[in-house]
Amino acid sequence: MADVKIAAQTRDEFGKGAARRIRRESKVPGVLYGHGTDPLHLTLPGHELLLALRTPNVLISLDIDGKTTELAIPKAVQRDPLKGFLEHVDLLLVKRGEKVTVEIPVQTEGELAPGGNLLEHVLVTLPVEAEATHIPEAVTVSIQGLSAGAAVLAKDITLPAGSTLAVEGDTVVLQVLAAQAEEAPEGAEGEEAAGA
């Protein structure tokens, strides 16, 4: 995975008023932390950050004040619940070669066995440990021919090279449920017969 380069500025203004001023300039307040260092408060360009965050677990190369470059992954993202714009981002400092635990999306391919079965995603993301500069974007699971009662466990999923499970192997990720037949409400048949 290629890292996304974003220019960031350190900030020394804090609080709601400062955060509002930053957002009015189409920028996003953020915090970079990790490796036992003091948290570094940053201002990031809103549009570039929004584009970068479209990729799950994106590796961001931060050019801080044009002086230093740090690698980070998004840890927590706060969005406005109505308008969806970014309000704040927490970034975790990482180093090349370091293992990090992240959650990667679970995607499916194939068709379930005939019979109107339903696929339940028990986990929509799978916790894995991977090298910080080689975080997989997603994991794909074949559901071809699975019938009611079948389950896919975490240990059954083939992970990308260099990744290991960060969850118990017996954890259910996907399961196939039998379709529920709709039943007529009780007494409906009797009422129809009485009305005839």
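The values are calculated or read from the model by the stated rules, or taken from the named source; none is laboratory data. Since this is a predicted model, take the numbers as computed values, not measurements. Because the Cβ atoms are built from the backbone with ideal geometry, glycine has one as well, and the counts that use them run over all protein chains shown. What goes into the accessible areas is simple: the full protein's heavy atoms, side chains included, and nothing from ligands, DNA or RNA. Shrake-Rupley method; radii C 1.70, N 1.55, O 1.52, S 1.80 Å.
Numbers at a glance
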| quantity | calculated |
| --- | --- |
| Residue match in segment 143-150 (condition: closer than 30 Å to ILE60 by Cα and not charged (D, E, K, R)) | no |
| Of the criteria (1) touching a residue at least 12 places away in the same chain (Cβ under 8 Å); (2) closer than 23 Å to GLY110 by Cα; (3) touching a strand residue (DSSP E or B) at 6+ places or on another chain (Cβ under 9 Å), which one LEU165 fails | (2) |
| Any chance VAL173 is within 18 Å of the chain's Cα centre (by Cα) and at pLDDT 90 or above | yes |
| Long-range neighbours under 8 Å by Cβ, at least six apart or interchain, first residue farther than 20 Å from ARG96 by Cα within segment 117-138, second outside any strand (DSSP E or B) and open to solvent by 70 Å² or more (accessible area, probe 1.4 Å) | none |
| Those residues of segment 82-101 which are within 17 Å of the chain's Cα centre (by Cα) and without any contact (Cβ under 8 Å) to a residue 24 or more places away in the chain, in sequence order | GLY84 |
| Matching residues in segment 26-79 - criterion: being assigned to a loop (DSSP other than H, G, I, E, B), in contact (Cβ under 8 Å) with a residue 12 or more places away in the chain and more than 21 Å from the chain's Cα centre (by Cα) | SER26, HIS35, ASP65, GLY66 |
| Of residues in segment 1-33 being among the small types (Gly, Ala, Ser) and open to solvent by 70 Å² or more (accessible area, probe 1.4 Å), the one farthest from ASP65 (Cα to Cα) | ALA2 |
| Test for ARG11: is it in contact with a strand residue (DSSP E or B) (Cβ under 8 Å, 6 or more places away or on another chain), without any contact (Cβ under 8 Å) to a residue 12 or more places away in the chain and more than 30 Å from ALA154 (Cα to Cα) | no |
| Matching strands (runs of 3 or more DSSP E) fully within segment 80-152 where at least 1 residues are surrounded by 17 or more Cβ atoms within 10 Å (Cβ to Cβ) | 86-94, 99-109, 125-131, 139-142 |
